[in-house]
1. Picking from A18, A31, which residue would you name as being in contact (Cβ under 8 Å) with a residue 12 or more places away in the chain, more than 24 Å from the chain's Cα centre (by Cα) and more than 25 Å from P185 (Cα to Cα)?
2. Applying the selection to region 177-210, what residues are among the small types (G, A, S), within 24 Å of I115 (Cα to Cα) and not in a loop (DSSP other than H, G, I, E, B)?
3. Could you please let me know if L83 is farther than 28 Å from G22 by Cβ, open to solvent by less than 20 Å² (accessible area, probe 1.4 Å), modelled with pLDDT of 95 or more and assigned to a helix (DSSP H, G or I)?
4. If I filter region 401-417 down to residues being surrounded by fewer than 16 Cβ atoms within 10 Å (Cβ to Cβ) and touching a strand residue (DSSP E or B) at 6+ places or on another chain (Cβ under 7 Å), which single residue comes out as farthest from V358 (Cα to Cα)?
5. Looking at (1) open to solvent by less than 40 Å² (accessible area, probe 1.4 Å); (2) over 19 Å from the mean Cα position of the chain (by Cα); (3) of a type outside the set (S, T, N, Q), which is the one condition that is false for I312?
6. Could you tell me how many of the residues in region 107-131 are open to solvent by 60 Å² or more (accessible area, probe 1.4 Å), under 23 Å from N72 (Cβ atoms) and not polar (S, T, N, Q)?
7. Inspect region 334-349 for any residue being at positive phi, of a type outside the set (V, I, T) and open to solvent by 10 Å² or more (accessible area, probe 1.4 Å) and give the result as yes or no.
8. Which residue, of Y97, Y29, Y104, is open to solvent by 10 Å² or more (accessible area, probe 1.4 Å), over 27 Å from T239 (Cβ atoms) and not in a loop (DSSP other than H, G, I, E, B)?
Amino acid sequence: MADIVGNKTLRDLWDELAFNNGEKTFLIYEARDGSKSNFTYQQFNEEINKTANLFLELGIKKEEKVAIHLHNCPEFLMCWFGLAKIGAIMVPLNIHYTQEECDYVLKKCDVTTVITEEEFISIHNNRPNIDIKNILLARTEKQISGITNFKKNQSTQPGTLKEYRTLSSDDVAEILFTSGTTSRPKGVVLTHCNILFSGIFVNWQAAYKEDDRMLTMMPAFHVDCQLCAVMPIITIGGTIIVLEKYSASQYWKQVCDYKATLIQTSSMIVRTLMMQPKQEWEKNHCVREVLYYLPITNQEKNAFEERFNVKILNSYGLSESLVGVITDPPHGERKWPSIGKAGLSYEAKIVDDEGNEVPPNTIGEIYLKGVPGRTIMKEYYMDPKATAKTLSADGWMRTGDKGYVDEAGWFYFVDRKVNMIKRAGENISTTEIENILTCHPKIAEAAVIGVPDPIRDQAVKAFIMFKEGEELSKEEILEYCRGRMASFKVPSIIEIRTSFPRTCTYKIQKKCLTK
């Protein structure tokens, strides 16, 4: 299919980068202990080639699946692109996965090789029920019997690629598992074209420039890091700053010290940054765009933008859509709390339960249109039923999310379909109630779910976490709600929490909350 990517692959991109941007800084990495490392494009391309050559030496074939189970680190990126250069397929593992969750992904994908680090070695070593032929231990000099030390073996490889396999932009490069906030994670299949297109799209979305410096602490195994940070910055030939770990107390100083021009954030990050003591220097930064993906209240957004002197670029997307394909435009008007308009090459619409497009300002399901394997995911791995349920033959993708569009084409996110509560015939958005609760000066975070009710279908249950040193009685919380929402939306049950189970991107995992 002729499009902007054509038959280009990730190997082609890195060959171009090494030639055109050889001496420019590609990566600045800061580990959790504060140690730092830097790579130019030329240096990193050689590290990728050495990694690819190590994989070739291990006998990894084209289309073979290789799992990467690492924290944010340069080795993750070396393995990602090293596998792509030889036509193998990366399967990133969430660093929060249990052994059972890792086993599920490894078995599902018939993974043959795992690259991991000391923290996770007990998950992968001596597994009688899974046939793993190679385990590579990265980020350490340690030698363990039966396990290949990544650094020792990679460093002895040549810096030029030993074998050029035939590759196509339609070849699969990655199987990325969804966070599974509501069910078993599904494997999102991404091609070389998908990954390359994400970089082109986000370049347009945030008007990237060659001298941009993107700082990310989003997990490397997730699209927010891979497709919304790394790919756009290398597509334009800029510099990526990767932090191993997010620290609310250090983050804004890192943003300022590294002179980052682009950063990513989420509702939890906004809230934890706002809880830090104010500093005289905190407005002295180079940030021109804050890429944002999750709902916060108008009050929180305005306070954050005012305090840190930044502006948020809002967008909406899923792993399946690669990036935030409904988005604030790069130039001109923004219409918060709108999630924006359909972006470059995409279409979007709102439909009812029968699949019919609805009039403006009517709540329905958000549908996105792209080209499978090119601008949206190819499919769910080994799951034709789920693929058919999500992707129509003409390229429309069901998101399972509720929203509406106004007369001018601005889209608004209402809630995940699974977060809609049906109470005595009324539809209730859990996000709406959560936003009202978090506007209370003593409430840090809230999560709302529907629980079975024998008379009204479902009852509203709210989980509340207070700000440090604050508390409220359940009656005070209910009184606050009664004055700010319709009576049918007021929670029937309130549970006080000191923490929430979270996904890798800091979303609250509602499926783990006790009903």
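The values are calculated or read from the model by the stated rules, or taken from the named source; none is laboratory data. Just so we're clear, the structure is a prediction, and the values are computed from it rather than from any experiment. Here Cβ is always computed from backbone atoms with ideal geometry, including for glycine, and neighbour counts include all displayed protein chains. Protein only, heavy atoms only, side chains kept; ligands, DNA and RNA dropped before computing areas. Shrake-Rupley method; radii C 1.70, N 1.55, O 1.52, S 1.80 Å.
1. A18
2. G187
3. Here the answer is no, as L83 does not meet what is asked.
4. The residue in question is K417.
5. It fails just one condition, (2).
6. Residues flagged as open to solvent by 60 Å² or more (accessible area, probe 1.4 Å), under 23 Å from N72 (Cβ atoms) and not polar (S, T, N, Q) within region 107-131 amount to 2.
7. yes
8. Y104
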